[in-house]
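Peer 1: Starting off with a structure, shown below.
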Amino acid sequence: MISKPKTLKDNSPKVYIKTFGCQMNKLDTELSVGSLSKKGYSFADNENDADVILLNTCSVRDKAEHKVYSQLGSLRDQKGKNPKLILGVLGCMAQNEGDKIFKRMPHVDLVCGTRMFSKLPELLEEISGSNKRILAIDEDGEVNFDRIVTQRQNRYNAFVSIMRGCDNYCSYCIVPYVRGREFSRAVTDIADEVKKLADDGCKEVTLLGQNVNSYGKGLAGKVTLATLLRTLDPIKGIERIHFLTSHPKDMNKEILEAIGELSGVCEYLHMPAQSGSDKILKKMRRQYTSAHYRELIEMAKSIVPGIKVASDFIVGFPGETEEDFEDTVGLLKEIRCQNSFIFKYSPRTGTSAIELVDDVIEETKKSRNHTLLELQKKISSEENRKVHGKSVEVLVEGESKTSAVRLIGRTRQNQIVAFDQPEGINQADVSSSMPGSLVSIKITDSTDLTLFGDYEGILPLRK
Ligand code: SF4
């Protein structure tokens, strides 16, 4: 039975959680929704109807934190009009800024760090009806993996956390400081969660971690990402398994062979290169060379036919010359990523790269960013054109946001596919029966971001 906290018994408060940042944060929000629901909280659709407003924050750039401060500033009036409103800051920025948030924003009641999510219901209970302000940023706090499988945003796909934290300390990155040391979750816990998700109709899981390739470190026995994939692949109902993010220094043949052999594991790698220049990679403390990255891509293509790679790049890192940037352009031309996330370097307080002189001027950063984006766009368009005339397997996600008669889904390589609803089936039936199905789509057209095609029929489920 769900028990309500004593102070909330007669007045079930409504919580509104706004999430900033990455998939990991979205998953943390989902886990928090689960733990708060267990304690009897309900959820508001917007901040105006809420008794508790929680901002689950990102710290990856200074700009991300400024955005949260500005949002907190705009909530000052609401709190002034309703002093009972509880206002909390959760996650990475809470961990990073700590009580600076209280000093800058006196109307904030709770600052709850990345390792204290599991205590959220108790913390809110303590604040409710009192004038307490609580700072909860214990670095040794328990990591919350507990979820209510029925409470998730998408019915047919779900993120599953397999590890937390990061031990890599790339020089530009704040994550190890705000998410703590790397910690792998037990295989049995992960498998149990995936089985429960499958029983609830989930067809696709994405295993999440900052560096999933080093999964298993610290667990008893020989546990690796490859052995985890082999444990999860046979779970009935799960048609597709993805994982992200991969780190080139920990990627290996064993993982690639698992992708190649296991029918449920998708032929897609998100493996950030960050730069094509060895000098810059060294300054970034990435612990691999561009030659090693190229070798991994070659190995991936030979072991897993049809594999697609996505990457991240940072342009304008301190000391990046035109020649270094050309090395990055050369790498992207050679590996031909399906898509890339391209960022201009900006110094981040709290990282070791803050010590380096940020000597690439903004105009140059912008121009390199533009060059790389344009190159990626060209490669994506060319690669997508190669699929014209071919039939691809698509997991249908639902209606397209732009057209009520169009459906969207993704290929096993994470490409977005849009197609018109099959003729002869009425719209209500399509909306209820197609999402979650595997269908065959013959690709007829494309842009750099989307494949378009014709529906050919439903495909049998793998298991
Ligand atoms: S691997 Fe590097 S970039 Fe990724 S989270 Fe860890 S420190 Fe940050």
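Peer 1: One residue is enough: does the range 50-60 have a residue meeting the conditions over 12 Å from E97 (Cβ atoms), among the small types (G, A, S) and open to solvent by 60 Å² or more (accessible area, probe 1.4 Å)?
Peer 2: So far as the range 50-60 goes, no, none of its residues is over 12 Å from E97 (Cβ atoms), among the small types (G, A, S) and open to solvent by 60 Å² or more (accessible area, probe 1.4 Å).
Peer 1: Quickly run through the range 166-185 and pick out the residues that are in a loop (DSSP other than H, G, I, E, B) and either within 8 Å of the ligand (Cβ to nearest atom) or not assigned by TED's automatic domain parsing to the domain that holds A220 (or both).
Peer 2: Let us first name the residues in the range 166-185 that are in a loop (DSSP other than H, G, I, E, B), namely 166-174, 180-182, 185.
If the condition is that a residue be in a loop (DSSP other than H, G, I, E, B) and either within 8 Å of the ligand (Cβ to nearest atom) or not assigned by TED's automatic domain parsing to the domain that holds A220 (or both), then C166, D167, N168, Y169, C170, Y172, C173, I174 are the ones that fit.
Peer 1: What number goes with the only condition from (1) buried (at least 23 other Cβ atoms within 10 Å of the Cβ); (2) touching a residue at least 40 places away in the same chain (Cβ under 8 Å) that I86 does not pass?
Peer 2: (1)
Peer 1: Checking R294 against (1) over 22 Å from S367 (Cα atoms); (2) more than 16 Å from the ligand (Cβ to nearest atom); (3) open to solvent by less than 30 Å² (accessible area, probe 1.4 Å), which test does it fail?
Peer 2: It fails just one condition, (3).
Peer 1: Could I ask something else about it? Got a number for residues in the range 124-165 being within 16 Å of the ligand (Cβ to nearest atom), of a type in the set (G, A, S) and more than 13 Å from L31 (Cα to Cα)?
Peer 2: Going through the range 124-165 one residue at a time, the tally reaches 1.
Peer 1: Do you know which residues across the range 217-246 are away from the ligand (no atom under 16 Å from the Cβ), basic (K, R) and surrounded by fewer than 21 Cβ atoms within 10 Å (Cβ to Cβ)?
Peer 2: Within the range 217-246, K222, R230, K236 meet the criteria.
Peer 1: State all residues of the range 46-69 that are assigned to a loop (DSSP other than H, G, I, E, B), under 24 Å from I127 (Cα atoms) and not charged (D, E, K, R); if no residue qualifies, say none. Working first, answer last.
Peer 2: The initial filter retains those residues of the range 46-69 that are assigned to a loop (DSSP other than H, G, I, E, B), namely 46, 50-51, 58-61.
So of that shortlist, the ones also under 24 Å from I127 (Cα atoms) come out as 46, 50-51, 58.
The answer is N46, A50, C58.
Peer 1: How many residues, within the range 89-114, are open to solvent by less than 30 Å² (accessible area, probe 1.4 Å) and either among the hydroxyl-bearing types (S, T, Y) or outside any helix (DSSP H, G or I) (or both)?
Peer 2: 13
Peer 1: Filter the range 264-288 down to residues that are over 23 Å from the mean Cα position of the chain (by Cα) and more than 16 Å from the ligand (Cβ to nearest atom) and give me whichever is farthest from E334 (Cα to Cα).
Peer 2: K279
Peer 1: All but one of (1) touching a Cys at 6+ places or on another chain (Cβ under 7 Å); (2) within 10 Å of the ligand (Cβ to nearest atom) hold for S214; which doesn't?
Peer 2: Of everything listed in (1) touching a Cys at 6+ places or on another chain (Cβ under 7 Å); (2) within 10 Å of the ligand (Cβ to nearest atom), S214 misses just condition (1).
Peer 1: Turning to a different aspect of this structure: Among the numbered criteria (1) more than 13 Å from the ligand (Cβ to nearest atom); (2) surrounded by fewer than 18 Cβ atoms within 10 Å (Cβ to Cβ); (3) modelled with pLDDT of 95 or more; (4) farther than 26 Å from F117 by Cα, which one does K249 miss?
Peer 2: Failing condition for K249: (1).
Peer 1: When you look at C202, is it within 15 Å of the ligand (Cβ to nearest atom), outside any strand (DSSP E or B) and open to solvent by less than 30 Å² (accessible area, probe 1.4 Å), yes or no?
Peer 2: no
The values are calculated or read from the model by the stated rules, or taken from the named source; none is laboratory data. Values in this document were obtained by computation on a predicted structure and should not be read as measured data. Every residue, glycine among them, receives a Cβ derived from its backbone with ideal geometry; neighbour counts consider all protein chains shown. Please note that ligands, DNA and RNA were not included when accessible areas were found on the heavy atoms of the full protein model with its side chains. Shrake-Rupley method; radii C 1.70, N 1.55, O 1.52, S 1.80 Å.
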